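Trainee: Quick one: the structure is below, questions incoming.
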Amino acid sequence: MNRIDPNLTRDLRKFGIRDWNDCYHCGTCTATCPLTAQGFLFPRKEIRLMQMGLKGPISTSVEPWLCYYCGECSERCPRKANPGELMMSLRRYLTSLYDWTGLSGKFYTSKIWELGFIIFFALLVILAFILILPPLDTTLTDQGGVKINSFAPPDLVEYFDWAMAFLVASLLVSNIFRMYLRVIWTGTKQRISLVEHVREFWHLVFNFSVQPKFSKCEDRSYWLYHWLLMSGYTIMFILIVVFLPWFQTENIFPAWHPQRVLGYYATIGLLVGLGAAIIGRIRKKEIKFEFSHVSDWLFLIMLSLTVITGILIHIFRVNGMPWATYISYIAHMAILVPMILIEVPFSKWSHLAYRPFAVYFARLKKSTMHQSR
Amino acid sequence: MINSHTKGIILDKTSENGGAGVNYDALFHNFRNYSQVSNIWILENTDNGSISRITADLFDHPVEQLIIAGNTPGFVKGYFEGAMKASGRSVSDIRLVSFQEFGLFRQEDTAMVQALIDCAVKGVSFEMAASQGDLEMTTDTLVIGGGIAGIQAALELADGQVHVYLVEKSGTIGGKMAGFDKTFPTLDCAACILTPKMVEVNQHPNITLMTYCEVLDIWGVPGNYTVSVLKKARRVNLSTCIGCGTCSEKCPATAFSEFDAGTCLRKSIYIPFPQAVPNKYLIDEESCIYLKTGKCRACVKACPVPNCINLDELDETVKLKVGNIIVATGFKPFDAARMPQFGYGKFPNVVTALEFERLLNAAGSTGGNIHFRSKDKKDNWVFNTSTAKPDRLAIIHCVGSRDENYNKYCSRVCCMYSLKFAHLIREKLPQAEVHEFYIDMRAFGKGYEEFYQRIRNEEIHMIRGKTAKIDASGEHLLLRGEHIETNQLIELEVDMVILATGLEPGEDTEQLCHLLGLKVGRDGWFTEMNSNTDPTGTATGGIYIAGACQGPKDIPDSVAQGSAAAARVIQNILRGKVAIGFQNLTPESIVNQANELAMIR
C-alpha cells in the first residue's frame, strides 16, 4: 500500500529540484532516452511519482541510478521541465535515504554542515601533522631529491590509509545494503535465489570498470572523459592504499619506470576528466551542465585541488625543495581526507558504488519479472 | 473629484515572463502620488510572505476598492478575496485590469497601460474612454485574404450592399479549406461547402475580386485609407481566357503544386485546381522556361484565343480608396523539418497533415487513394497511384504545438483533423492499422467530443504518449514512444507516418501589422482589441481581423469571425463614422476623456 506523502514536495525541493509540475506526460523523455528499457522506464514515470507524492515507490526505485544524464530528454522536453535534472536531484535524495547516519541529507541541504565538516577535518589533519611531526630533515638524497620518507614514513601513512579505507568502505557498504533492502526486499515481491545473485554478479564488476551504459548516450566523448577520470583515480587509489611503499619512494626512477608511468597516467586522466567537467559546467552549453548544485562544484574543486597538490609534491620532491614538498604534502592531505570522508560515503562520489550496484540490482529485479511471466 | 474613495492597487508582476515587459516600477511611482490611491504594491511572486505582506496592509488600512493590474490578474485575485471580506468589503470590490487583454505587454506600452489603470481608478471603461475622435469615412471596404474567413466577410458585406475589394495573394480564392477533403465533425465534403461560396464571390456585383495581388502599402486615417495593391503579372488575360487548358498541355516546364502542398507537379502555366476561382490560367515566373531563357512560347502557340497570353506582361500597382479593412490572412502550417527527430524530408513516407489531406482528396493526385511517395522519372518525390498502399499508419499529434521549443500554444485543430484522418484511413484502407499518438485529446467544439467517441470505436489504436523519434527500419519506419496508460515502451513498425503539424502565423503577418499600425502579439498572431469582448476589433480604428490570422481556428470559428468582422464594418457604415482606435490616440487624451466621463457619472 502506497501512501501519499504531502511533505515530499518540500523534502525534494531541498535537493535541487525546482518544479516538476511543468510535465504534462507526453512521454517524449522516456522514448528519447537511450538507456530506458521495458520494466525500468524513466524519467517520466519518476516525475509522475514525484507529482503524486509517492515517497514509497520513489525510495525503492532503482531507475534514477540507471540514468547517466546525457541531457537528451531535457533538450527534447516540450515543456522544458528538465527531466534530466529531476533525475539528478532524485539521485541526491536517494543517497540521503540510503545513508543511515543522516549526514548525507545534512550535507546536501545545508552549506554550513558541508563546509563546516570539510574545514573541521582539514584543520584536524593539519593539527595532527604539527603534533606528530618528526624533526624535519631538509638534507637531500644523492639524486638531489627530497627525503620524503623521513617526513611521512610510508608504513605509517599506509596504516592511516587502511584505517580511512576501512571506515569509508564500511559506511558505504552498510548504505549499499540499505539500498539493497529497499530496491530488492521492499521493491520486488518475489524472493531472488542465491544462484541468481551469483549469476548476475559479473554485471556489477563489468559496469564498475567500463560504465557501458554511459557510452550509449548520444555524445560518447563524456563517457571517455569520465572513464579517464575514473580509471586515473582508481589507479592512484590502488597505488596509495595498497602499494604505498613502492609508490612513495625517495629514489627518483627514470621516466619510463612503471611507478612514474602509472602515476603520470593517473594524473593526466584525472586532469582531462576534471577539465572536461569544469569547462562544461562553466560554459553551460549542454543541458546536463546547466544546473550545478553546490555539491557538484564542491566535488570538482576538492578533487582538482587534491590533484594539483599531488603534482606539486612530485615536482618539489624531484627538484629537491624540501619545505615546499612538506607544505604541499600537508595541504594534499588536508584536502584529501575531508574529501574522501564526505564525498565517498555521503555525497556525490557515492555513485561509484550505487551506479554499478543499481545495474546489478536491476538485473536481479528483471529476473523476477521473467519468472512472473 | 466624485470618486474620492480610497483605492488600493496591486501591480501583479507574477505573470510576467521576464524580459522587457511593461515597466512596473514606473507605474508604481506614478500611481503612488494619486490622491485616490491610498496604497500600492508590486506583487513579485505568490509565496506566503509576499501575499501576507499585502493582506496585512489591507487589514491595517482597508481600501474601498482593490484594483489588481497585470497580464492575467485573475490568477492572483483569490489570494486577496479573504482580506477584502475581512476588512468589511466584498469580493465585488476587487477590480481586475488585464494588460494582455488589450495586447499591451511591451515596455513601450507602459504609457498606455498607465492610461488603462487610470481608467480603472476613475471607474470608467477603457473602451469607452478610448472610443473618440469619430472620423468621416468612405464605405468601400478592403478584405485581405481570400480564405474561408475572407470569403465569408466579403459575402456578408456585399450582400449588405457594401462594395468590397477582395485581395488574394495566390491565383485562386478558397485558401487552405479548398484543399481539404472532409470537414470535421460532420465529415461533409469541404469543396461542396466552399466552392458555391467561391463562385458567389466571383459573380457578386458588389465584389471586386483581385487574385494574384498583394497589399504593398497602406496610408491615411481610419475611415479613409489609401491602399496600394500590387497586381502581379498573371500573363494570361483574365477576361479572354476560356480556361480550355490547351496551353498547360503543351507547356514543357513543371514545378511542385502549391495548392497540392507539394504532393504532385503542375505545369508552369496552370490553374491551381480545377474548381479555382477565377477559373483562369496563370504563369509561374519561377519555372517558366521563356521567362528564364527567352525561348519557348509553347503556350502562346497553343492558345486558341488571340493575344490572351502575354508573356511580357509586367506587374502593376493600383490604388484603392477604402474606409474599413478586414484582415483575414490565415495561417501557415508548421514546418515539420524543424523537428529532425521525426525525419520529415529524410524519410519519404513521413508526411505532413496538408500533404495527407491532398492524398485523401478525390481531386488530389492519387484520386483520393493513399499511396506511398515515390520518385518519378525526373527524380521528383511525388505521390501517384503506381506505388503500393500502406498497411500500417501512425498519426503523431502536437507536432510543433504545445512545445516550448517551437510553439507554446495549442493549435486547436490538429486533434480533430487527426481523428478525421483516422476515420478516413479506415474507410479507404479497411485492412490497415491506424495508430494515433496523442498527448491529450482536445475535442473542444460542438459535436467534437461525440466525434472523438465515435472514432475511438472504429478499431483505431489510441496511444496516449507522443512519440519521440522515427528511424528507418528496412523498408519501414520505426516509431519509438511511451504508452503512458500501460506504462510500456513502444517500438512500432509502420509504413507511413502523418505528422499533425500545427498552425503558425502567416509569413506576411509582421509586415502587414506594420503597415496597419498594429502590433504582433506574443505568439506572432494579430492582436485583437480585447480577447474576450472584442476579438475582431484592433487597436486601430476601421481595421478588423477575422479567421486564423488572429489565432489558430477551425472552419466554424473562422466563418463566425468573418461574419462578426463584417458586422463591425456595417456598424461603422450605418453610423457614417469610424472611431480612431486607441493605437492612434495619446494616453493623455484617453485619460482626459476618462476624466470627463467620470465627471458625468
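Trainee: Among the residues of the stretch B:462-479 satisfying the criterion of being crowded, with 19+ Cβ neighbours inside 10 Å and not hydrophobic (A, V, I, L, M, F, W, C), which is farthest from the other protein chains (Cβ to nearest Cβ)? Outline the logic, then answer.
Mentor: Our first condition is that a residue be crowded, with 19+ Cβ neighbours inside 10 Å; within the stretch B:462-479, this holds for B:463-468, B:470, B:477, B:479.
Filter once more, so that each one left must be not hydrophobic (A, V, I, L, M, F, W, C): B:464-467.
Working: B:Arg464: 8, B:Gly465: 4, B:Lys466: 4, B:Thr467: 6 Å.
Among those that are crowded, with 19+ Cβ neighbours inside 10 Å and not hydrophobic (A, V, I, L, M, F, W, C), it is B:Arg464.
Trainee: Can you tell me which residue is farthest from B:Gly103 (Cα to Cα) among those in the stretch B:129-159 that are at pLDDT below 95 and in contact with a helix residue (DSSP H, G or I) (Cβ under 6 Å, 6 or more places away or on another chain)?
Mentor: B:Thr139
Trainee: Okay, next question. Among B:Glu493, B:Glu504, which is the only one that is under 30 Å from B:Thr329 (Cβ atoms), at pLDDT 95 or above and assigned to a strand (DSSP E or B)? Working first, answer last.
Mentor: Numbers: B:Glu493 fails: under 30 Å from B:Thr329 (Cβ atoms).
Exactly one of B:Glu493, B:Glu504 is under 30 Å from B:Thr329 (Cβ atoms), at pLDDT 95 or above and assigned to a strand (DSSP E or B), namely B:Glu504.
Trainee: Suppose we filter A:Ser110, A:Ser59, A:Ser96, A:Ser89 for residues that are crowded, with 22+ Cβ neighbours inside 10 Å, farther than 18 Å from B:Glu482 by Cα and small (Gly, Ala, Ser); which single one remains?
Mentor: Details: A:Ser110 fails: crowded, with 22+ Cβ neighbours inside 10 Å; A:Ser59 fails: crowded, with 22+ Cβ neighbours inside 10 Å; A:Ser96 fails: crowded, with 22+ Cβ neighbours inside 10 Å.
Going through A:Ser110, A:Ser59, A:Ser96, A:Ser89 in turn, the sole match is A:Ser89.
Trainee: On the basis of being of a type outside the set (A, V, I, L, M, F, W, C), assigned by TED's automatic domain parsing to the domain that holds B:Lys553 and surrounded by fewer than 19 Cβ atoms within 10 Å (Cβ to Cβ), does B:Gln107 make the cut?
Mentor: On the way: of a type outside the set (A, V, I, L, M, F, W, C): yes; assigned by TED's automatic domain parsing to the domain that holds B:Lys553: no; surrounded by fewer than 19 Cβ atoms within 10 Å (Cβ to Cβ): yes.
Here the answer is no, as B:Gln107 does not meet what is asked.
Trainee: Read through the list (1) crowded, with 18+ Cβ neighbours inside 10 Å; (2) in contact with a strand residue (DSSP E or B) (Cβ under 9 Å, 6 or more places away or on another chain); (3) more than 14 Å from chain A (Cβ to nearest Cβ), then give the number of the only condition that B:Phe437 fails.
Mentor: Going through (1) crowded, with 18+ Cβ neighbours inside 10 Å; (2) in contact with a strand residue (DSSP E or B) (Cβ under 9 Å, 6 or more places away or on another chain); (3) more than 14 Å from chain A (Cβ to nearest Cβ) one by one, B:Phe437 breaks only (3).
Trainee: Still on this structure, I have one more. Going by what's in this entry, would B:Lys408 be described as within 14 Å of chain A (Cβ to nearest Cβ) and basic (Lys, Arg)?
Mentor: Yes, satisfied.
Trainee: Something else about it: When residues of the stretch A:70-93 are filtered for being among the small types (Gly, Ala, Ser) and under 18 Å from B:Ser401 (Cβ atoms), how many remain? Step through it out loud before you land on a result.
Mentor: Pass one, the stretch A:70-93, residues among the small types (Gly, Ala, Ser): A:71, A:74, A:81, A:84, A:89.
Checking which are under 18 Å from B:Ser401 (Cβ atoms) leaves us with A:81.
So the count comes out to 1.
Trainee: Also, quick follow-up: For the list (1) part of a strand (DSSP E or B); (2) buried (at least 20 other Cβ atoms within 10 Å of the Cβ), I need the number of the one condition that B:Glu156 fails.
Mentor: All conditions pass for B:Glu156, except number (1).
Trainee: A follow-up question, please. Hey, can you tell me all the residues within the stretch A:131-150 that are in a helix (DSSP H, G or I) and over 31 Å from the mean Cα position of the chain (by Cα)?
Mentor: Applying the first criterion (in a helix (DSSP H, G or I)) to the stretch A:131-150 yields A:131-132, A:148-150.
Matches in the stretch A:131-150: A:Leu131, A:Ile132, A:Ser150.
Trainee: Hey, another quick one. Against the conditions (1) within 14 Å of another protein chain (Cβ to nearest Cβ); (2) hydroxyl-bearing (Ser, Thr, Tyr); (3) without any contact (Cβ under 8 Å) to a residue 60 or more places away in the chain, where does A:Ser110 fall short? Just the number, please.
Mentor: Exception for A:Ser110: condition (1).
Trainee: A follow-up question, please. Just wondering, is there one or more residues in the stretch A:262-273 that are farther than 30 Å from A:Gln143 by Cα and surrounded by 15 or more Cβ atoms within 10 Å (Cβ to Cβ)?
Mentor: yes
Trainee: Still on this structure, please answer the following. Would you check if there is a residue in the stretch B:531-538 being at pLDDT 90 or above and surrounded by fewer than 19 Cβ atoms within 10 Å (Cβ to Cβ)?
Mentor: No, the stretch B:531-538 has no match at all.
Trainee: When you go through A:Ser328, A:Ser304 one by one, which is the residue that is small (Gly, Ala, Ser) and crowded, with 20+ Cβ neighbours inside 10 Å?
Mentor: On the way: A:Ser304 fails: crowded, with 20+ Cβ neighbours inside 10 Å.
It is A:Ser328.
Trainee: Let me ask something else about it. Taking B:Ala388, is it surrounded by fewer than 18 Cβ atoms within 10 Å (Cβ to Cβ) and touching a helix residue (DSSP H, G or I) at 6+ places or on another chain (Cβ under 8 Å)? Outline the logic, then answer.
Mentor: Values: surrounded by fewer than 18 Cβ atoms within 10 Å (Cβ to Cβ): yes; touching a helix residue (DSSP H, G or I) at 6+ places or on another chain (Cβ under 8 Å): no.
For B:Ala388, the condition - surrounded by fewer than 18 Cβ atoms within 10 Å (Cβ to Cβ) and touching a helix residue (DSSP H, G or I) at 6+ places or on another chain (Cβ under 8 Å) - is not met.
Trainee: Let me ask something additional. Tell me whether the stretch B:481-491 contains one or more residues that are within 14 Å of chain A (Cβ to nearest Cβ), among the hydroxyl-bearing types (Ser, Thr, Tyr) and surrounded by fewer than 22 Cβ atoms within 10 Å (Cβ to Cβ). I'd like the intermediate steps shown before the answer.
Mentor: So the first thing to find is which residues in the stretch B:481-491 are within 14 Å of chain A (Cβ to nearest Cβ), and the list is B:481-491.
Still in the running and among the hydroxyl-bearing types (Ser, Thr, Tyr): B:486.
From what's left, surrounded by fewer than 22 Cβ atoms within 10 Å (Cβ to Cβ): B:486.
Checking the stretch B:481-491: at least one residue is within 14 Å of chain A (Cβ to nearest Cβ), among the hydroxyl-bearing types (Ser, Thr, Tyr) and surrounded by fewer than 22 Cβ atoms within 10 Å (Cβ to Cβ).
Trainee: Here's something else I'd like to know. Kindly list the number of the only condition in (1) at pLDDT below 95; (2) acidic (Asp, Glu); (3) under 30 Å from B:Arg522 (Cα atoms) that fails for B:Asp376.
Mentor: All conditions pass for B:Asp376, except number (3).
Trainee: I'd like to verify a number: residues in the stretch B:371-403 that are within 14 Å of chain A (Cβ to nearest Cβ) and in a loop (DSSP other than H, G, I, E, B), how many?
Mentor: Within the stretch B:371-403, the first condition is being within 14 Å of chain A (Cβ to nearest Cβ), and the residues that meet it are B:394, B:396-403.
Adding the requirement that they be in a loop (DSSP other than H, G, I, E, B) leaves B:400-403.
Residues meeting the conditions: 4.
Trainee: If you check A:Thr95 against the conditions, is it more than 14 Å from chain B (Cβ to nearest Cβ) and within 30 Å of A:Ser221 (Cα to Cα)?
Mentor: Working: more than 14 Å from chain B (Cβ to nearest Cβ): yes; within 30 Å of A:Ser221 (Cα to Cα): yes.
Here the answer is yes, as A:Thr95 does meet what is asked.
Trainee: Return the only residue of A:Glu46, A:Glu72 being of a type in the set (Asp, Glu), facing chain B (nearest Cβ under 10 Å) and crowded, with 20+ Cβ neighbours inside 10 Å. Step through it out loud before you land on a result.
Mentor: Details: A:Glu46 fails: facing chain B (nearest Cβ under 10 Å).
Sole residue among the options that is of a type in the set (Asp, Glu), facing chain B (nearest Cβ under 10 Å) and crowded, with 20+ Cβ neighbours inside 10 Å: A:Glu72.
Trainee: For the stretch A:190-288, which fully contained helices (runs of 4 or more DSSP H) count at least 1 residues that are free of Cβ contacts under 8 Å to residues at least 24 places away in the same chain and over 30 Å from A:Phe361 (Cα atoms)? Let's see the steps before the verdict.
Mentor: On the way: elements: A:194-199, A:201-210, A:221-241, A:244-247, A:258-283.
Ranges flagged: A:244-247, A:258-283.
Trainee: Further question: Got at least one residue in the stretch A:14-24 being within 14 Å of another protein chain (Cβ to nearest Cβ) and in contact with a Ser or Thr (Cβ under 6 Å, 6 or more places away or on another chain)?
Mentor: The answer is no; no qualifying residue exists.
Trainee: Just to check your reading of the model, which residue among B:Gly541, B:Gly562, B:Gly576 is at pLDDT 90 or above and assigned by TED's automatic domain parsing to the domain that holds B:Pro185?
Mentor: Values: B:Gly541 fails: at pLDDT 90 or above; B:Gly576 fails: at pLDDT 90 or above.
That would be B:Gly562, the only listed residue that is at pLDDT 90 or above and assigned by TED's automatic domain parsing to the domain that holds B:Pro185.
Trainee: Could you pull out the residue among A:Ala37, A:Ala81 that is closer than 21 Å to B:Gln341 by Cβ and surrounded by fewer than 16 Cβ atoms within 10 Å (Cβ to Cβ)?
Mentor: On the way: A:Ala81 fails: surrounded by fewer than 16 Cβ atoms within 10 Å (Cβ to Cβ).
Among A:Ala37, A:Ala81, only A:Ala37 is closer than 21 Å to B:Gln341 by Cβ and surrounded by fewer than 16 Cβ atoms within 10 Å (Cβ to Cβ).
Trainee: Now a separate question. Look at the stretch B:411-428 and say how many of its residues are more than 14 Å from chain A (Cβ to nearest Cβ) and assigned to a loop (DSSP other than H, G, I, E, B).
Mentor: Qualifying residue count, the stretch B:411-428: 2.
Trainee: Can you find, within the stretch B:356-376, the residue that is farthest from B:Pro333 (Cα to Cα) among those that are small (Gly, Ala, Ser) and either without any contact (Cβ under 8 Å) to a residue 12 or more places away in the chain or crowded, with 19+ Cβ neighbours inside 10 Å (or both)? Show your work before the answer.
Mentor: Step one: of the stretch B:356-376, the residues small (Gly, Ala, Ser) are B:362-365, B:367-368, B:374.
If we keep only those that are either without any contact (Cβ under 8 Å) to a residue 12 or more places away in the chain or crowded, with 19+ Cβ neighbours inside 10 Å (or both) too, we end up with B:364-365.
Numbers: B:Gly364: 19, B:Ser365: 20 Å.
In this case the residue turns out to be B:Ser365.
Trainee: What strands (runs of 3 or more DSSP E) completely inside the stretch B:234-334 contain at least 2 residues that are in contact with a Gly (Cβ under 9 Å, 6 or more places away or on another chain) and loosely packed, with under 14 Cβ neighbours inside 10 Å? Give the steps one after another, and end with the answer.
Mentor: Working: elements: B:254-256, B:265-267, B:316-322, B:324-327, B:331-333.
Ranges flagged: none.
Trainee: What pairs come up if the first residue lies in the stretch A:333-358 and is over 27 Å from A:Ala128 (Cβ atoms), the second is crowded, with 22+ Cβ neighbours inside 10 Å, and their beta carbons are under 6 Å apart, counting only those six or more places apart or on different chains?
Mentor: Listed pairs, sorted by first residue: A:Tyr354/A:Trp65; A:Arg355/A:Trp65; A:Ala358/A:Val62; A:Ala358/A:Trp65.
Trainee: Let me ask something else. So the check is Cβ under 7 Å with 6+ separation or different chains; which pairs have a first residue in the stretch B:442-468 that's free of Cβ contacts under 8 Å to residues at least 24 places away in the same chain and a second one that's part of a strand (DSSP E or B)?
Mentor: From the stretch B:442-468, the pairs are B:Arg456/B:Met462.
Trainee: For the stretch A:2-10, does any single residue satisfy the condition of being in contact (Cβ under 8 Å) with a residue 60 or more places away in the chain, away from chain B (no Cβ under 14 Å) and of a type outside the set (A, V, I, L, M)?
Mentor: Within the stretch A:2-10, the subset in contact (Cβ under 8 Å) with a residue 60 or more places away in the chain is none.
Checking the stretch A:2-10: not a single residue is in contact (Cβ under 8 Å) with a residue 60 or more places away in the chain, away from chain B (no Cβ under 14 Å) and of a type outside the set (A, V, I, L, M).
The values are calculated or read from the model by the stated rules, or taken from the named source; none is laboratory data. Keep in mind that what you see is a predicted model, and the values were worked out from it rather than measured. All Cβ positions, glycine included, derive from the backbone under ideal geometry; neighbour counts span all protein chains shown.
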